[in-house]
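> Here you go, one structure.
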Amino acid sequence: MTVTAAQGFLASGVAAGIKESAAPDLALVVNRGPSRAAAGVFTSNRVQAAPVRWSRRVLADRRVSAVVLNSGGANACTGEAGAHDTRTMAERTADAVGVGPDEVAVCSTGLIGVRLPMDRVEEGIATAADALSPLGGGDAARAIMTTDSVHKTAAVARSGWTVGGMAKGAGMLAPGLATMLVVLTTDADAGDALLDSALRSAVRTTFDRVDSDGCMSTNDTVLLLASGASGEVPDPGEFAEAVHAVCDDLARQLVADAEGASKEIEIEVVGAATEDDAVTVGRSVARNNLLKCALHGEDPNWGRVLSAIGTTDAVFDPDRLDVAINGVWVCRDGAAGEPREKAVLSGRRITVTVDLRAGDASAVVRTNDLTAEYVHENSAYSS
């Protein structure tokens, strides 16, 4: 269930001393081929970390042989020195695993504006290279955690080939092509064009529709690497479905582990004139802090849902809006529907369904509640 579930990949995770806690903080994922095809998507935040800028250039050739990832420092807003540090990470990794630095993607996560302790990072890369193993996926996933409480991995097997992956993310989760650090791997014999189309399609309806706190990171990166080690050429549709399944699994894990969350909330918008309208409404509802507080308090306050819908430019008639919370239609035709007491919110999972009654399009946006623990976690210390 990790990045090494697919043949042809090695991984490792070590404690390099980047984090004061001495927890694992540096990971390697290496593609042993025979293929090195790759695709990637990155944050659309205009403030981008040095590793994102580096990895964008690497991915321009659609070829990646290794990925080096660290937690404990984002290497964002660190100027030319940070760019030099990123290049050094790529060069040291390249030397350690026997590839060119222009085939090494770099990912970092942690506090913005602070340079990495490069002496420790370089030693950690050497240690991680020595620890590379087909069984190292779990260690790699643990090494990229920041405020995550659990490591996140997933895999699906198809006829003769596999897609696996790992992700990190618990805060700064909002749409923008990608919303975390993710490395996906496959041993299918898939070319870079198929990888790119499958990844972008999957990200659009999974990671790009996670909206935990409305905050977009400077470091978001999602990579898909193919080793071709199985020798199996996949059906394009089946391959896209498998990539989507892994991304969807990881996206659900991200929401479940969101900082301070006690509720996992799905905003399901149906009856929209267009898919864009459905996504716009879903995001507006997901970002409504009053509603997030109400759902934390297990209050089915449908008025806050309507208020959020009304801030969008989606096509709808306010007097025809329907809202259900956990299957109870508490709002009908823009007014009170079934008794709100019927909506039981004591469980961890909550579904808010919005019917715009304006068409046939739909979308789902995932979010979580707003809790005192979230405020504490983001005010008491830097992560």
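The values are calculated or read from the model by the stated rules, or taken from the named source; none is laboratory data. Everything numeric here is computed off the predicted structure, so don't read it as measured data. Quick reminder, even Gly has a Cβ in these numbers, built from the backbone with ideal geometry, and neighbours come from all protein chains shown. These area figures cover heavy atoms from the full protein model, side chains too; ligands, DNA and RNA do not enter into them. Shrake-Rupley method; radii C 1.70, N 1.55, O 1.52, S 1.80 Å.
> Of (1) crowded, with 18+ Cβ neighbours inside 10 Å; (2) not in a strand (DSSP E or B), Glu238 satisfies all except one. Which?
Result: Glu238 fails condition (1) only.
> So which of Val285, Val281 is surrounded by 17 or more Cβ atoms within 10 Å (Cβ to Cβ), under 29 Å from Val328 (Cα atoms), touching a Ser or Thr at 6+ places or on another chain (Cβ under 7 Å) and in contact (Cβ under 8 Å) with a residue 60 or more places away in the chain? Steps first, please.
Working: Val285 fails: touching a Ser or Thr at 6+ places or on another chain (Cβ under 7 Å).
Going through Val285, Val281 in turn, the sole match is Val281.
> Given the criteria modelled with pLDDT of 95 or more, of a type in the set (Val, Ile, Thr) and closer than 26 Å to Leu194 by Cα, does Val3 qualify? Spell out the reasoning first.
On the way: modelled with pLDDT of 95 or more: yes; of a type in the set (Val, Ile, Thr): yes; closer than 26 Å to Leu194 by Cα: yes.
Yes; evaluated as a whole, the condition is true for this residue.
> Kindly indicate whether Ala167 is crowded, with 24+ Cβ neighbours inside 10 Å, in a strand (DSSP E or B) and at pLDDT 95 or above.
Against the criterion (crowded, with 24+ Cβ neighbours inside 10 Å, in a strand (DSSP E or B) and at pLDDT 95 or above), Ala167 qualifies.
> Give the residue, chosen from Val305, Val323, Val328, that is within 22 Å of Ala258 (Cα to Cα) and crowded, with 16+ Cβ neighbours inside 10 Å. Break it down into steps so the answer makes sense when it comes.
Numbers: Val323 fails: within 22 Å of Ala258 (Cα to Cα); Val328 fails: within 22 Å of Ala258 (Cα to Cα).
Answer to the check: Val305.
> Pull out all pairs, ordered by first then second residue, where Cβ-Cβ is under 8 Å, the residues are six or more apart or on different chains, the first lies in region 217-236 and is on the phi < 0 side of the Ramachandran plot, and the second is among the aromatic types (Phe, Trp, Tyr) and part of a loop (DSSP other than H, G, I, E, B).
Hits for this filter: Ser230/Trp161; Glu232/Trp161; Pro234/Trp161.
> For region 363-381, give me each residue that is over 17 Å from Val210 (Cβ atoms), among the small types (Gly, Ala, Ser) and touching a residue at least 60 places away in the same chain (Cβ under 8 Å). Lay out the reasoning, then the answer.
Here is the first cut: in region 363-381, the ones over 17 Å from Val210 (Cβ atoms) are 371-373, 375-381.
Okay, now just the ones that are also among the small types (Gly, Ala, Ser), so 372, 379-380.
Result: Ala372, single match.
> Can you pull out every residue in region 1-25 that is among the polar types (S, T, N, Q) and open to solvent by 10 Å² or more (accessible area, probe 1.4 Å)? Don't jump to the end; show me each part of the working.
Filtering region 1-25 down to residues among the polar types (S, T, N, Q) leaves 2, 4, 7, 12, 21.
Residues satisfying the conditions are Thr2, Thr4, Gln7, Ser21.
> For region 347-377, give me each residue that is out of contact with any Lys or Arg (no Cβ under 9 Å at 6 or more places or on another chain) and either crowded, with 19+ Cβ neighbours inside 10 Å or more than 11 Å from Ser262 (Cβ to Cβ) (or both). Before the answer, list the steps.
Filtering region 347-377 for residues out of contact with any Lys or Arg (no Cβ under 9 Å at 6 or more places or on another chain) gives 351-354, 359-362, 372-377.
Within region 347-377, Thr351, Val352, Thr353, Val354, Gly359, Asp360, Ala361, Ser362, Tyr374, Val375, His376, Glu377 meet the criteria.
> Can you name the residue in region 331-346 that is open to solvent by less than 60 Å² (accessible area, probe 1.4 Å) and under 16 Å from Gly271 (Cβ atoms) and is also farthest from the chain's Cα centre (by Cα) among such residues? It would help to see each step written out before you state the result.
As a first pass, look at region 331-346 and keep what is open to solvent by less than 60 Å² (accessible area, probe 1.4 Å): 331, 334-335, 337, 343, 345.
In the following step, the residues that additionally are under 16 Å from Gly271 (Cβ atoms) were identified as 331, 334, 337.
On the way: Cys331: 33, Gly334: 35, Gly337: 36 Å.
By that ranking, first place goes to Gly337.
> Restricting attention to region 192-216, which residues are without any contact (Cβ under 8 Å) to a residue 60 or more places away in the chain and either in a loop (DSSP other than H, G, I, E, B) or in contact with a Lys or Arg (Cβ under 8 Å, 6 or more places away or on another chain) (or both)?
Answer for region 192-216, where residues must be without any contact (Cβ under 8 Å) to a residue 60 or more places away in the chain and either in a loop (DSSP other than H, G, I, E, B) or in contact with a Lys or Arg (Cβ under 8 Å, 6 or more places away or on another chain) (or both): Thr206, Cys215.
> Of Asp189, Asp196, which residue is under 27 Å from Leu28 (Cβ atoms), open to solvent by 40 Å² or more (accessible area, probe 1.4 Å) and of a type outside the set (Phe, Trp, Tyr)? Lay out the reasoning, then the answer.
On the way: Asp196 fails: open to solvent by 40 Å² or more (accessible area, probe 1.4 Å).
Testing whether each residue is under 27 Å from Leu28 (Cβ atoms), open to solvent by 40 Å² or more (accessible area, probe 1.4 Å) and of a type outside the set (Phe, Trp, Tyr) leaves just Asp189.
> So, restricting to helices (runs of 4 or more DSSP H) that lie completely within region 26-144, which ones have at least 2 residues that are open to solvent by 10 Å² or more (accessible area, probe 1.4 Å) and of a type in the set (A, V, I, L, M, F, W, C)?
Details: elements: 50-59, 79-97, 118-130, 137-143.
Per the criteria, 50-59, 79-97, 118-130.
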